Amino acid sequence: MTHDPYNPRLRLPDGFAARAGDLDDVGDLVIVEQLSQGAPWTRRVFEKEFDLDFSRTWVVEWRADDAPCKLAAYLVFWLVHDEVHVLNVVVHPDARRRGLALSLLNDVIRIAEEQHAALLSLEVRVGNAPAQALYAALGFVPIGRRANYYADNHEDADVLALLLDS
């Protein structure tokens, strides 16, 4: 088996481990998604991501036997030409405020830099202050807005980008 340069190499707090996700994770991805998102992705959406050559899903697992579910967090991203686009970053409610999203994002930034991407982009709810603050701290800047982007409440999304030295 050859080394996949897109595998995660996260620095995580004790009690967590990261790896590349696979189809066997779809059920757990759906559980965490439904607990965390107002407009959750469906099983089929996750399954389709695993069919795309340019899509990667990283998962963070709890190591504790008494964990509320198998997955504590995940990130889905695309690498297309010279751009990395983050589609989804989700942390289980019981695993928040432990730096998991920061670790996932720092590692996807590493991948983008290693692959000489020119920019990393994502959408975020305008009302999601914690996520907005995290992205700003990482150097993301607003480049646009998508009106009525979210299906659950028609909230707008800010389009954020991080320009990279490629």
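The values are calculated or read from the model by the stated rules, or taken from the named source; none is laboratory data. None of the values given here were measured: they were computed from a predicted structure. Glycine gets a Cβ as well: all are built from the backbone with ideal geometry, and neighbour counts include every protein chain shown. Note: areas computed on protein heavy atoms with side chains; ligands, DNA, RNA excluded. Shrake-Rupley method; radii C 1.70, N 1.55, O 1.52, S 1.80 Å.
Let's see how each residue does on (1) open to solvent by 30 Å² or more (accessible area, probe 1.4 Å); (2) within 20 Å of residue 159 (Cα to Cα); (3) part of a loop (DSSP other than H, G, I, E, B):
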| residue | (1), (2), (3) |
| --- | --- |
| 30 | no, no, no |
| 41 | yes, yes, yes |
| 45 | yes, no, no |
| 64 | yes, no, yes |
| 104 | no, yes, no |
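Return yes when residue 114 is of a type in the set (Asp, Glu) and free of Cβ contacts under 8 Å to residues at least 60 places away in the same chain and no when it is not. Judged against the criteria, residue 114 is not a match. Within the stretch 68-90, being among the aliphatic types (A, V, I, L, M) and more than 9 Å from the chain's Cα centre (by Cα) holds for 71, 72, 79, 80, 84. If you go through the stretch 71-86 and pick out every residue that is out of contact with any Ser or Thr (no Cβ under 8 Å at 6 or more places or on another chain) and under 15 Å from residue 37 (Cβ atoms), you end up with 2. A Cβ distance below 8 Å, combined with a sequence gap of six or more or placement on separate chains, defines the contacts here; from the stretch 93-104, residues that are free of Cβ contacts under 8 Å to residues at least 60 places away in the same chain reach residues that are among the polar types (S, T, N, Q) and open to solvent by less than 70 Å² (accessible area, probe 1.4 Å) in the pairs 93/36. Entry remark, the stretch 10-24: residues being touching a residue at least 40 places away in the same chain (Cβ under 8 Å) and either open to solvent by less than 40 Å² (accessible area, probe 1.4 Å) or closer than 23 Å to residue 51 by Cα (or both) number 7 in total.
What pairs come out if I take residues in the stretch 140-156 that are without any contact (Cβ under 8 Å) to a residue 40 or more places away in the chain and pair them with residues that are among the charged types (D, E, K, R) and open to solvent by 70 Å² or more (accessible area, probe 1.4 Å) whose C-beta lies under 8 Å away, six or more apart or interchain? Close Cβ pairs satisfying both conditions: 156/145; 156/146.
Filtered by the rule that a residue be of a type outside the set (Lys, Arg) and open to solvent by less than 80 Å² (accessible area, probe 1.4 Å), the stretch 47-62 gives 47, 49, 50, 52, 54, 55, 57, 58, 59, 60, 61, 62. For the stretch 116-135, the set of residues classified as part of a strand (DSSP E or B) and of a type in the set (A, V, I, L, M, F, W, C) consists of 119, 120, 122, 124, listed by residue number.
Kindly evaluate residue 79 against the criterion of being at pLDDT below 95, open to solvent by less than 50 Å² (accessible area, probe 1.4 Å) and in a strand (DSSP E or B). So residue 79 fits the description; yes. Summed over the stretch 139-155, the residues that are surrounded by 14 or more Cβ atoms within 10 Å (Cβ to Cβ) and among the hydrophobic types (A, V, I, L, M, F, W, C) give a count of 1.
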